[in-house]
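The values are calculated or read from the model by the stated rules, or taken from the named source; none is laboratory data. Everything numeric here is computed off the predicted structure, so don't read it as measured data. No Cβ is skipped: glycine too gets one built from the backbone with ideal geometry, and neighbour counts run over all protein chains shown.
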Amino acid sequence: MMDNLFEEQYRIVAENARRFAQKNIKPVAAQLDMEELKPFDIAKRAVRELFGGDSIQSVEELEKISEDRDILNASLITIELAKAAPAIVMAIGASLELCGATILSKGTEEQKASYALPLFRGEKVGCFGLTEPEAGSDVMGLKTKAVKSGDHYLLSGTKTFITNAPDADIFIVYARSNPQAQGHKGITAFILERGMPGLETSKPLNKMGLRGSPTGEIYMDEVKVPLKNIVGTEHRAFYELMSTLRIERTTLPSMAIGIMERVLDDSVKYAKQRVQFGQNIIFFEGIQFKIARMYLALQHSYAILFLLAQMYKAGKDITAIASAAKVYTSEEAVRVCLDAIQIHGGYGYMKEYEVERFMRDAKLLEIGAGTTEVQLLIMARSIMMEDQFYFNPMFTPEDKLDGSRLI
Ligand SMILES: Cc1cc2nc3c(=O)[nH]c(=O)nc-3n(C[C@H](O)[C@H](O)[C@H](O)COP(=O)(O)OP(=O)(O)OC[C@H]3O[C@@H](n4cnc5c(N)ncnc54)[C@H](O)[C@@H]3O)c2cc1C
């Protein structure tokens, strides 16, 4: 594990990812979006070559990698991939950060070997089924039923908006296993596999952006799932879910940063060559101010990501800061993309220039993994509920300072 962003090792990680993205993703990125091509060949290769999949031989090795998890390392790779095609990041994120990480952190040894290993080795694709047609932000309202019967559960219900669902091999599905228990009690997470009788998935839904990342529905009609496929503690999955979502909220800021960096780069290049009123438009102050503000948003986003990574590494509670990073970077990414289109004028509105694709992709960041409004609630509740909430990131509640706030 490294301590300093400016260590050579980080630069090598970013450069490798950049080379990979330029060679394998950039040439097909527009086509992935326009023709809604499947991202999985590239995503699996990225898992193998960039995220270490090729070198993972055993569950022990996988666990070691997970213990040493360095947000910055993963973020630098994600940024480079997102600069080429955010859809590839979605495919990898759902498979590793959501499905794979849940199994790795809460699963049994057998589950880790059978399911987590092939996901992290880039051999199989996973998805994470939480959202339902009537339960989005209100996760606890989920209606998928799990009825216990001997050595198995029967799962029935529908999940919607699930990244990778149309093509996934391995599914994590959350279901209500105890109908008597209200709210967050009585929810269990299960591992399902494609091919189980009663399990079907939809075609990809028709989306605004991230069109190279298939999003679909999962239909379950009395799917027989053995008890050994329960991940984590029966009926207690809601509590365990929160830590998974916190980790996901550390991934999305790097996707936002990748998007901002790319459209800023495109905008500067465009403004340097576009001539109006006899000069390159980059010489107009109105354009320069936009570019400077885009740069400011990008650097702020890097700063909050580095802070988050440091706090995670130091074992601090990242609940509030992860939500803050997600809200800040996603809102800025959308704004920066709109500015990029404005700088490109009418050409920015055309598909020939790619800034419009990045704007459509960026909008998801304000919705997925908990909407902006939900993140604001999480931050506000952290601040309200702690006896002493430390606004200075050096201190978090577990530091238990002796009562003095110095103010
Ligand atoms: C491309 C894409 C990929 C996705 N991938 C996955 C996936 O892999 N797995 C998965 O499980 N889900 C996935 N989702 C679902 C995503 O997590 C949900 O869309 C999101 O949590 C919001 O739920 P909802 O769409 O039902 O909106 P709703 O919850 O109905 O929200 C509608 C609006 O009401 C606001 N709102 C709701 N409650 C409150 C409140 N208490 N206070 C203030 N405002 C509130 C919301 O912020 C939003 O603006 C994906 C979604 C998309 C679009």
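Quick notes on this one:
- Within segment 208-224, restricting attention to residues that are of a type outside the set (S, T, N, Q) and crowded, with 24+ Cβ neighbours inside 10 Å, the residue that is farthest from the ligand (Cβ to nearest atom) is V223.
- Residue list for segment 162-173, filter: without any contact (Cβ under 8 Å) to a residue 60 or more places away in the chain and not aliphatic (A, V, I, L, M): P166, D169
- Under the condition of being in contact (Cβ under 8 Å) with a residue 24 or more places away in the chain, hydroxyl-bearing (S, T, Y) and part of a helix (DSSP H, G or I), the residues counted in segment 98-149 number 3.
- Residue identified as surrounded by fewer than 24 Cβ atoms within 10 Å (Cβ to Cβ) and modelled with pLDDT of 95 or more among E61, E110: E110
- Strands (runs of 3 or more DSSP E) (entirely within segment 157-262) containing at least 3 residues that are closer than 19 Å to A135 by Cα and in contact with a Lys or Arg (Cβ under 9 Å, 6 or more places away or on another chain): 170-176, 187-193, 215-226
- Pick from segment 135-158, criterion near the ligand (Cβ under 8 Å from one of its atoms) and over 18 Å from the mean Cα position of the chain (by Cα), ranking: surrounded by the most Cβ atoms within 10 Å (Cβ to Cβ): A135
- Test result for I318, touching a Lys or Arg at 6+ places or on another chain (Cβ under 7 Å) and either of a type in the set (F, W, Y) or buried (at least 23 other Cβ atoms within 10 Å of the Cβ) (or both): yes
- Residues that are among the hydrophobic types (A, V, I, L, M, F, W, C) and either surrounded by 10 or more Cβ atoms within 10 Å (Cβ to Cβ) or not assigned by TED's automatic domain parsing to the domain that holds G348 (or both) within segment 276-290 comprise I281, I282, F283, F284, I287, F289, listed in sequence order.
- Flag for T102 being within 16 Å of the ligand (Cβ to nearest atom), outside the structural domain of L227 (by TED's automatic domain parsing) and of a type in the set (S, T, Y): yes
- Test for V263: is it more than 21 Å from I367 (Cβ to Cβ) and either assigned by TED's automatic domain parsing to the domain that holds P27 or modelled with pLDDT of 95 or more (or both): no
- C127 meets all of the listed conditions (1) more than 22 Å from S202 (Cβ to Cβ); (2) under 18 Å from the mean Cα position of the chain (by Cα); (3) within 12 Å of the ligand (Cβ to nearest atom) but one, namely (1).
- Flag for Y349 being assigned by TED's automatic domain parsing to the domain that holds I287, buried (at least 17 other Cβ atoms within 10 Å of the Cβ) and aromatic (F, W, Y): no
- Boolean, M359 is assigned to a loop (DSSP other than H, G, I, E, B), touching a helix residue (DSSP H, G or I) at 6+ places or on another chain (Cβ under 8 Å) and either under 18 Å from Q31 (Cα atoms) or within 16 Å of the ligand (Cβ to nearest atom) (or both): no
- Complete set of residues in segment 233-244 that are surrounded by fewer than 20 Cβ atoms within 10 Å (Cβ to Cβ) and not aromatic (F, W, Y): T233, E234, H235, R236, E240, M242, S243
- Considering (1) within 15 Å of the ligand (Cβ to nearest atom); (2) surrounded by 24 or more Cβ atoms within 10 Å (Cβ to Cβ); (3) over 14 Å from the mean Cα position of the chain (by Cα), the lone condition that I92 does not fulfil carries the number (3).
- Residue within segment 180-189 that is crowded, with 22+ Cβ neighbours inside 10 Å, of a type in the set (S, T, Y) and closer than 30 Å to A292 by Cβ present: no
- Sole residue being of a type in the set (K, R) and under 25 Å from the mean Cα position of the chain (by Cα), chosen from K290, K351, K313: K313
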